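What follows is one structure encoded as structure tokens, with my remarks underneath.
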Amino acid sequence: MDLMEAMKVRHSVRQYKSKALEEETIAVLQKQVDACNRESGLHIQLVTNEPKAFDGTMAHYGKFSGVTNYFALIGKKGPELEEKCGYYGERLVLTAQQMGLNTCWVALTYSKIKSAFKVDSGEKLCVVIALGYGETQGVPHKSKPYHAVAKTDGSNPDWFQKGVDAALLAPTAMNQQKFLLTLTGDRVFAKAGTGFYTKLDLGIVKYHFELGAGKENFQWE
């Protein structure tokens, strides 16, 4: 499937089958991780066959089960870290979906297993993404109406509508969709709302918007 199809069928999954990732699958995912790190300067790491992070009380409270693989999104501390992790993390999420895998963004309900990944000096673990073969394919989330997240200067080109529709498919913390996309000419301004992880959400939203709108049609403000 292409990325637009992956975006439409991808839903958060918390319960996974006890099926290991194949070596070929790991190799493809690692190649994408390496590409994301080169482009972003992040220190994202793919962790496989590691059951401890999702075996604690918090994970069980979050209704996770069978998680033994995940992406650890790590990068230099700074004001841009969360948005950057959201953008490149969602790129990995949709790559995984294309490969028949399921995922779930996880901010709090996991344990930090220090031996599973490396956090260098000046870096921070921002968030993790559970990964594997889901027991189900998840269910769609409810979305706000188009005009609740989009403003225009009077024009409403087709590419902008498609971008907003794609942004409304983006996973956000607690499904709150706290973002606003404003169009002026061919420039789009993306603003995060207030609350936990809204900057992370904005990165995810911007990646979705780019896929839907086409990067050739606009510039970020």
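The values are calculated or read from the model by the stated rules, or taken from the named source; none is laboratory data. Note that this is a predicted model, so its numbers are computed, not measured. Virtual Cβ from ideal backbone geometry, glycine too; neighbours counted across all protein chains shown. Keep in mind that these areas ignore ligands, DNA and RNA; they rest on the heavy atoms of the full protein, side chains included. Shrake-Rupley method; radii C 1.70, N 1.55, O 1.52, S 1.80 Å.
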Residue satisfying all of: in the stretch 204-221; under 13 Å from the mean Cα position of the chain (by Cα) and not hydrophobic (A, V, I, L, M, F, W, C); farthest from C85 (Cα to Cα) among these:
H208
Examine the stretch 136-144 for a residue that is open to solvent by 30 Å² or more (accessible area, probe 1.4 Å), over 20 Å from C36 (Cα atoms), in contact with a Leu (Cβ under 9 Å, 6 or more places away or on another chain) and among the small types (G, A, S), and state whether such a residue exists.
yes
Only one of D186, D165, D153, D201 is under 17 Å from the mean Cα position of the chain (by Cα), open to solvent by 40 Å² or more (accessible area, probe 1.4 Å) and in contact (Cβ under 8 Å) with a residue 24 or more places away in the chain, namely D165
From the set of residues in the stretch 35-93 that are open to solvent by 40 Å² or more (accessible area, probe 1.4 Å) and in a strand (DSSP E or B), which is farthest from K19 (Cα to Cα)?
K76
